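Participant: Here you go, one structure.
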Amino acid sequence: MRVLVTGASGFVGRHAVDALDARGHEVVGTWREKPHPGLESDVVWVQLDVLDRERLASLILDLQPQAILHLAAAALPTGFDAEPWPGFEANVRGTLNVTMAATLGKRPPRVVVVSSGEAYGRIGKRPHRETDPLRPVSLYGASKASAEAVALGVRARHGVPIVIARPFNTTGPGQADTYVCSRLARECARLAREGRSRTIEMGNLDVRRDFLDVRDAARAFALLVERGKAGEAYNVCSGRTHGIREIATLLARELGFDTVPRLRSTPSLRRPLDLPTLAGSPAKIRRLGFRPRFALRQTLRDLADFWSVAETAGEGAA
């Protein structure tokens with residue numbers, strides 16, 4: 001199957017390209033600001049800004065993809081409160097452009113629109129199910145809920161087979177340290193290298209999140225490209241929550257620390273509005289055959305190893 005992956009040079013996109021390529025698909029990956037260095041030679045890379053409707057339409061007509069995995073988005077929630085307009089442009093108008101471009105080919109491709117668990121909003125007494133209403137409490141979550149509505153509107157009007165993916169907290173090697181697990185892993189890797197103890201500055205220490213390895217999330221997206229049912233939404237998650245102090249404890253054990261590093265909540269690193277708990281039920285995607293392969297301890301170990309190598313080489317993350 002020929003699959004177009006938007007936002008393919010980003011953190012999740014690079015792993016999604018790997019997963020699709022490993023499953024034998026013909027992958028075309030797009031990049032906006034910088035191409036991904038040195039992926040498989042049989043993956044085609046093209047430059048694309050999904051806000052450029054003419055370029056997008058031309059690409060769709062030229063490629064005639066059988067599926068589109070739409071990952072291109074403004075992904076960092078913290079930036080929305082101070083400057084929400086660029087994020088809404090990327091997430092809502094970008095999704096509208098991609099799904100409308102899908103109507104131009106001879107046969108509309110299946111489009112997997114990657115949303116977010118943040119679209120649900122506050123959790124009740126159980127993890128979110130796909131049938132729960134979307135009641136986002138952040139502008140980021142609102143942009144993702146709006147993108148879903150736009151995509152399903154295009155499906156209703158034009159018959160494009162739209163599938164919604166709702167990942168929760170995705171982490172793993174290569175993630176920027178603006179995300180909680182990666183920040184902790186980077187700081188712990190520094191402590192291991194320096195051999196001394198110090199306090200790690202963090203944001204809100206009291207939240208609980210549903211973490212999934214990015215390599216597992218990428219396999220889930222590939223599965224939805226192949227088997228996702230049009231008009232349906234699927235949570236991409238583990239179904240379990242972990243606190244920030246628990247993450248620090250797991251990292252300390254993996255790195256052989258005698259004690260858990262001290263953590264301090266710093267106001268400048270906190271989000272203005274942070275959900276106490278955010279978790280999803282993976283029951284629906286499991287019925288398609290999805291099972292995570294990476295335990296959280298392995299993910300954190302790989303993340304710490306990534307930072308140890310990256311900092312030694314003087315490199316960063318996407």
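Participant: Restricting the count to DSSP beta bridges whose residues both fall in the chain, what percent are antiparallel, rounded to a multiple of 5?
Facilitator: Among the beta bridges of the chain, antiparallel pairing accounts for roughly 5 percent.
Participant: I've got another one for you. Starting from 0.36 nm per residue, how many nanometres of slack lie between ARG126 and SER268 once their C-alpha separation is accounted for?
Facilitator: Between ARG126 and SER268, full extension yields an extra 48.0 nm.
Participant: So, counting K/R as plus one and D/E as minus one, what does the shell of residues with Cβ under 12 Å around ARG110 add up to?
Facilitator: Overall, the nearby charge balance is +3.
Participant: Does region 225-281 come out rounded, prolate or oblate, given a ≥ b ≥ c as the square roots of the eigenvalues of its C-alpha gyration tensor, rounded meaning a/c under 1.5 and, failing that, prolate meaning a/b above b/c?
Facilitator: oblate
Participant: Net charge near ALA222: determine it from the other residues with C-beta under 10 Å of the C-beta of ALA222, scoring Lys and Arg +1 and Asp and Glu -1.
Facilitator: Values: positive: ARG23, ARG219, ARG227; negative: ASP18, ASP21, GLU226.
Taking every other residue near ALA222 into account, the sum is 0.
Participant: Grab the Cα-Cα distance for TRP45 and LEU205, subtract it from 0.36 nm times how many residues apart they are, and report the gain in nm with one decimal. Could you put the intermediate results ahead of the total?
Facilitator: Details: separation 160, 0.36 × 160 = 57.60 nm, distance 3.98 nm.
Taking TRP45 through LEU205 to full extension adds about 53.6 nm, to one decimal.
Participant: Now for a different question. Check cross-link reach from LYS106 to the aspartates and glutamates: straight Cα distance under 12 Å, and skip same-chain residues fewer than eight apart.
Facilitator: Within reach: ASP62.
Participant: To continue, here is another question. Hey, if you put +1 on the Cβ of every Lys and Arg and -1 on every Asp and Glu Cβ in the chain, which of PRO261, VAL150, ASN235 ends up farthest toward the positive end of that dipole?
Facilitator: Selected residue: ASN235.
Participant: So how far, in whole Å, is the C-alpha centre of region 141-180 from the one of region 181-240?
Facilitator: First find each Cα centre; the distance between them is then 16 Å.
Participant: Only one of the listed values, (i) 52, 37, 19; (ii) 33, 22, 18; (iii) 31, 25, 19, was derived from the coordinates as semi-axes √(5λ) of the Cα gyration tensor in Å; which label is it?
Facilitator: (ii)
Participant: While we're looking at this one, here's another question. Once phi is turned into ³J(HN,Hα) by the Karplus curve 6.51 cos²θ - 1.76 cosθ + 1.60 with θ = phi - 60°, what whole-Hz value does each residue of region 191-196 show in order, with x for glycine and proline?
Facilitator: 4, 5, 6, 7, x, 9
Participant: Given charges of +1 on the Cβ of Lys and Arg and -1 on the Cβ of Asp and Glu, with all other atoms neutral, how large is the dipole of region 144-284 about its Cα centre, in debye to the nearest 20?
Facilitator: 120 debye
Participant: Nearest 10 degrees, 0 to 90: what angle lies between the long axis of helix 244-254 and the longest principal axis of the chain (Cα atoms)?
Facilitator: 70 degrees
Participant: Check which residues have an amide H placed less than 5 Å from ALA233's amide H, if you skip close sequence neighbours.
Facilitator: Long-range HN contacts for ALA233: ILE164.
Participant: Output the relative contact order of the chain, whole-number percent, from Cα pairs under 8 angstrom with separation of 6+ residues.
Facilitator: Result for the chain is 19 percent.
Participant: Next up: Report, in degrees rounded to the nearest 10, the 0 to 90 angle that the Cα long axis of helix 53-63 makes with the longest principal axis of the chain.
Facilitator: The helix 53-63 is inclined about 80 degrees to the chain.
Quick note: the coordinates plus some simple rules give every number you see, no bench work behind them. Given the structure is predicted, the values throughout are model-derived calculations rather than measurements. Virtual Cβ from ideal backbone geometry, glycine too; neighbours counted across all protein chains shown.
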